[in-house]
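Remarks on the structure that follows.
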Amino acid sequence: MLGFDPEAAVVAYLATMSPEAQARAIAYTREGEWLLLFGWLATLIIAFVIVRTNVLVRIRERVEQGRDRPTLATYLVALAFTGMAFVLTLPWAAFAQWNRHRNYGLSNQTLLEWLAEQAIIGALAMIVLPIFLVLLYRLIWTFRRTWWLWAAPLVAAFMIIGMVISPLYVEPLFNTYKPAPPGPMRDAIVALAEKTGTPHDKIYIYDGSRQSNAYTANVSGLFGSARVALSDTMFKKGADLAEVMAVVGHEMGHYRRDHILWATAIYSIGAALGFLLAAWLFPLFRGLLFAGRVGGIEDPAGLPVLWAVAATLGLLATPINNSISRVMEADADRYSLTWAREPDGMAEALIKTAEYRAPSPARWEEIVFYSHPSVESRIRTAMRWKAANMPPAVAAPPPAAPAPAPAEPAPEPPVLIERELETPGYLPPEPPAKTTDPSQAAETTEPPAKE
Ligand SMILES: [Zn+2]
């Protein structure tokens, strides 16, 4: 392979997708982009409906009747708001998520299975959100001018607690996680983990196919609870060892480079700025939603107004959020190339994700809408890395690779592994009925089909 041409290799990989598959991927991706806009509109309409019922104002007035019980009033208002917002959003979510993923063959979930998962998500929201909101309103009342600043550590604390407990208590509500089974694949993963200093007992395979057919993996958790999880869909789509190693290397990159902590810090600061803007925009949106009976931003009965503001800011921040995410994703790719050294495995894996992320978007589309660099540009990075780091004559291991571990871990040579990582072994028959929301629950970094 003297004269390896990275650009030709990119073209060749992209050409493995049929024109029909490309067209579908583009349709799916574009639709998702429009749905951001319509989802925002749906939120405004639902916020308006909640305001017009006056339920929240009435709850607040009744609880406070003559007495000063702001915390109780806030808690009950927040609980009612969360419940109403959840139920009213359900039809839209069923259309925009469940129905859409089934239409594109990305999910086989029945409506009942999907609803059961949504019920769990709704219940979790009703546990967590009112507590967060009670604390937030306390900050608003206590620090009238600087509350938005204090909101940053509050948001960070909730994010951190959530991420620590998610793999332990939340993700198991939706999926079954099993340690990677013994065999060549696990041996290779353990070797890579030792090289990179990642705890290798933290590599799991989960039954992601329950919710989504998307080829995906993710890293979740924080501190002791951090782990890498590969969806069984990877194996159902015939992932070979090179692919698995490239993907695991990428997820280890998220872990080793502390992307979750970075994201927490960045989003907490972003949330503070968002709250500052929200304080300014609140009166405008109160007018737009005809929320005359709602007080200022310090009134918990104004939650629907605050929600509408947050949805608007969130929509406007889409390119920023995605750009931050893309930087971390590109970093994880580089980590994988450096350590797992599987550029072709990476390219093969990426092509399989292209069904839900059209591979070659326009530059502006990538900047605005893509949480990951496009498949085309990621493959290009991998192929250029290959050209620069994989010597044409096979034999000698490239000297350049930074390797903390002294000796080469023996078990890496290409031949050993059989291609078929069939699923059966690791995926025990699962309990039929439950299901969940695939992507959104767990994934901090690696959104699957959903988003
Ligand atoms: Zn990633």
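Among the residues of the range 45-69, which ones are of a type outside the set (Asp, Glu), surrounded by fewer than 18 Cβ atoms within 10 Å (Cβ to Cβ) and part of a helix (DSSP H, G or I)?
Within the range 45-69, 45, 48, 49, 52, 53, 55, 58, 62, 63 meet the criteria.
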Inside the range 1-44, can you point out the residues that are within 16 Å of residue 376 (Cβ to Cβ), buried (at least 17 other Cβ atoms within 10 Å of the Cβ) and of a type in the set (Ser, Thr, Tyr)?
13, 29
Among the residues of the range 109-147, which ones are among the hydroxyl-bearing types (Ser, Thr, Tyr) and in a helix (DSSP H, G or I)?
137, 142
Tell me, please, whether a residue that is more than 16 Å from the ligand (Cβ to nearest atom), closer than 30 Å to residue 57 by Cβ and out of contact with any helix residue (DSSP H, G or I) (no Cβ under 8 Å at 6 or more places or on another chain) can be found in the range 275-283.
yes
If a residue has to be more than 16 Å from the ligand (Cβ to nearest atom), farther than 16 Å from residue 378 by Cβ and in a helix (DSSP H, G or I) to count, how many in the range 297-356 make the cut?
20
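Rundown of residues vs (1) among the hydrophobic types (A, V, I, L, M, F, W, C); (2) in contact with a Gly (Cβ under 8 Å, 6 or more places away or on another chain); (3) surrounded by fewer than 21 Cβ atoms within 10 Å (Cβ to Cβ); (4) under 29 Å from residue 153 (Cβ atoms), yes/no style:
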position	(1), (2), (3), (4)
266	yes, no, yes, yes
270	no, no, yes, yes
273	yes, no, yes, yes
296	no, yes, yes, yes
299	no, no, no, yes
316	yes, no, yes, yes
319	no, no, yes, yes
337	yes, yes, no, no
340	yes, yes, no, no
Which of the residues belonging to the range 205-230 are at pLDDT 90 or above and more than 15 Å from the chain's Cα centre (by Cα)?
205, 206, 207, 209, 210
If you go through the range 150-179, how many residues are aliphatic (A, V, I, L, M) and crowded, with 16+ Cβ neighbours inside 10 Å?
10
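Conditions tested, residue by residue: (1) modelled with pLDDT of 95 or more; (2) closer than 22 Å to residue 16 by Cα; (3) within 23 Å of the chain's Cα centre (by Cα).
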| site | (1), (2), (3) |
| --- | --- |
| 339 | yes, no, no |
| 354 | no, yes, yes |
| 368 | yes, no, yes |
| 374 | yes, yes, yes |
| 378 | yes, yes, yes |
| 383 | yes, yes, no |
Against the conditions (1) under 30 Å from residue 353 (Cα atoms); (2) buried (at least 17 other Cβ atoms within 10 Å of the Cβ), where does residue 90 fall short? Just the number, please.
(2)
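The values are calculated or read from the model by the stated rules, or taken from the named source; none is laboratory data. This is a predicted model, so every value here is computed, not measured. Methodologically, a virtual Cβ is constructed for each residue, glycine included, from the backbone with ideal geometry; neighbour enumeration extends over all protein chains shown.
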